[in-house]
Amino acid sequence: MARFSFFAEGLPGIDLEELKGKLIVLEGTDGVGRSTHITLLKQWLENNGHAVLDTGMTRSALAGKRLRQAKEGHTLGGVTMSLFYTTDFADRLENEMIPALRAGFIVLTDRYIYSLMARAIVRGADPEWIKDVYGFALKPDAIFYLRVKIDDLITRVIQSTGFDYWESGMDLHLGEDMYDSFVEYQSRLLTQFDKMVEGYGFEVIDASGSIEDVFDDLKNRVSHALKNNREIAPRGTKNWRPLLNGTICRLAFALSWASWIHRRDGRCDLPPRFAVSDPFAIPRAAGVPRQVGAARIAAAPLSRRWLDG
C-alpha cells in the first residue's frame, strides 16, 4: 500500500508505491530562520548516513530564473505571480522531489504549497481556487511551522536582510511606507498560517529562541518522523548490502539511477562513454531531459541504516 498520497488528483503517471523516501517541510514567514535550519538539518542527516535533497522556492531550472527576473520589476500581478510560483513548484516536484523520493532520499523543502497559498490568499485569491491549483502536490510526511511573533520578526529582518518590496507586500499598498506595509503584510501571512495549523497538521515550533534551541527541537521531531518508516532506501538495494560500501555503493547507485532515467524516457541506448568529468555523474544521452542533480544524488551518502542493518 502506498504511503504517499496527493491532495487531489495529483500528477499523472506517478506510482506512489515507488516513493520510499521522506518529504519534510519547513514553513514560516520570512526572517524566521527556515534556510538556516534547512542547512543544519541537511548536514546533521548526512552526517548520520542519510541521502538528502534540499529544495525551495524559485530554484526550478525551468522557471526559477524567470520568476526572479519578473520580481525585479514591480508590475507582476497577483494571479500571474501565483501561477508563476505554481510552475516553479510543479517543475521541482516532478523533476527533483519525486525522483529523489523514489530513490529513497529524505527531501527537505524550504517552504511548500502552504506559503504559496498563504501569499495568494493575502493578495486576494479565492482560498478554494488556490487550494485546487495545488491539488497535484504530494502530502508531506511532516510539516514543521517555525513561528515567531511579529515584533520579533521585525527585529530579525532589520538586523539581517532589511525590508524587501515583495516580502513587505508593497504591491498591495498596505501602509504609508515599507515598514508599515511589512508589518501588515506579514501579520496577514501569520493569520493564514495559523489557520492552516490544524487543517494541514502543522507541528508548531517556537522559533523565538536561540538557533541551538530551535535546532535541538527540530532534530527531535525529525527523528520521530523518520522512525515512522524505519528503512529509507531505494527498493532492492538491501539485497546488495554485503557488497556495497564507499565508492562501490555510490557507483552502483548512480548506475541504477541512470537505468531508471533511460527506462522512463524509453531510451535503452546508453551513450558509448560518460561525457562528464565527475566519475559519479549520471551518463546522459543527447535529447534526454534534465533530471534532478545527477552528480549530487550519485555522490550523496546513502543511509547507514540499510547498509549496516
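Bear in mind these aren't lab numbers, they're just calculated from the coordinates by the rules spelled out. Bear in mind the structure is a predicted one, so any value in this text is a computation, not a measurement. A quick note on method: Cβ atoms are made from the backbone with ideal geometry, for glycine too, and the neighbour counts reach across all protein chains shown.
Quick notes on this one:
- LYS219-ASP177 FRET efficiency (beta carbon distance; Förster radius 30 Å; 0.05 resolution): 0.15
- Among 50-57, 207-214, 164-171, the order from most to least packed when residues are scored by Cβ within 10 Å on average: 50-57, 164-171, 207-214
- Between amide H atoms placed 1.01 Å from N, distances below 5 Å from PHE7 occur with ALA137, LYS139, all of them 5 or more places distant or on a separate chain.
- 5 angstrom amide H check on VAL107, placed H, neighbours 5+ away: LYS22, LEU23, ILE24, LEU53
- Against the rule of thumb 2.2 N^0.38 Å, how large the Cα Rg of segment 16-227 comes out: 1.00
- Prolate/oblate/rounded call for segment 1-83, Cα gyration tensor, a/c under 1.5 rounded: oblate
- Mean-position separation - Cα centroids, segment 193-221 and segment 87-144, in angstrom: 18
- Annotation: amide H-H contacts under 5 Å for GLY56 (H modelled 1.01 Å from N, sequence separation of 5 or more, or interchain): ASP110.
- When the pairs LYS71/LYS195; LYS65/LYS139; LYS42/LYS227; LYS22/LYS139; LYS22/LYS219; LYS22/LYS42 are compared against a 19 Å limit on Cα-Cα distance, LYS71/LYS195; LYS65/LYS139 fall above it.
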